[in-house]
Amino acid sequence: MADQEIPGIDPQAAPSGPGCADCLAGDGPGWWFHLRRCAACGRIGCCDSSPSQHATGHYRTAGHPFITSYEPGEEWFYNNETEQFYEGPQLAPPTSHPADQPVPGPAGAVPEDWQQRLN
């Protein structure tokens with residue numbers, strides 16, 4: 001499927017920023033474990049292991065089913081509706097958060113007991 005157009009994926013949609021848009025805006029505890037990118041609009045959200053699960057929340061409110069990893073070196077697409085992984089097209093850069101951004105992140109916002117706070 002990587003060479004075909006996939007409804008619900010916009011390769012031109014740029015990412016919304018270097019981290020979870022909602023966490024950075026003050027929604028929830030303000031930190032994440034891993035980041036996910038909406039393949040329809042580029043919104044960056046935190047993964048389901050993160051305390052706030054903003055990427056899935058975005059899917060539920062916006063109806064954009066495809067997400068992709070926003071982690072360096074990871075290249076996969078996931079469809080929340082079908083619960084299946086896919087190969088997809090190359091998306092507009094950047095394709096991951098900055099390499100110097102810690103995981104979990106962002107720097108200075110992650111509590112010492114972060115591992116006990118994961119979902």
message: So for the range 53-92, considering every pair of alpha-carbon atoms, how many percent are separated by more than 17 Å?
response: 30
- request: If a/c stays under 1.5 just call it rounded; otherwise compare a/b with b/c (prolate if a/b is bigger, oblate if not). Do that for the range 19-109, with a ≥ b ≥ c from the square roots of the Cα gyration tensor eigenvalues.
  value: oblate
task: State in Å² the accessible area per residue of the range 21-92; use a 1.4 Å probe, count heavy atoms of protein chains only, and round to the nearest integer.
output: 46
statement: Between residue 87 and residue 112, the FRET efficiency computed from the C-beta separation at R0 = 41 Å comes out, to the nearest 0.05, as 0.60
- line: So the carbon and sulfur contribution to the accessible area of the range 19-109, 1.4 Å probe, in percent, is 47
- request: Report the residues of the range 4-35 in range of a label on residue 119: point 7 Å along Cα→C-beta, backbone N strictly under 19 Å from it.
  value: 19-35
task: For each cysteine in the chain, check whether another cysteine's C-beta sits under 4.7 Å from its C-beta; list those where none does.
output: 38, 41, 47
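The values are calculated or read from the model by the stated rules, or taken from the named source; none is laboratory data. The model shown is predicted, which means the values in this text are computed figures rather than measured ones. Heads up, the Cβs are rebuilt from the backbone with ideal geometry, glycines too, and the neighbour counts pull from every protein chain shown. All accessible areas refer to the heavy atoms of the entire protein, side chains included, with ligands and DNA or RNA removed. Shrake-Rupley method; radii C 1.70, N 1.55, O 1.52, S 1.80 Å.
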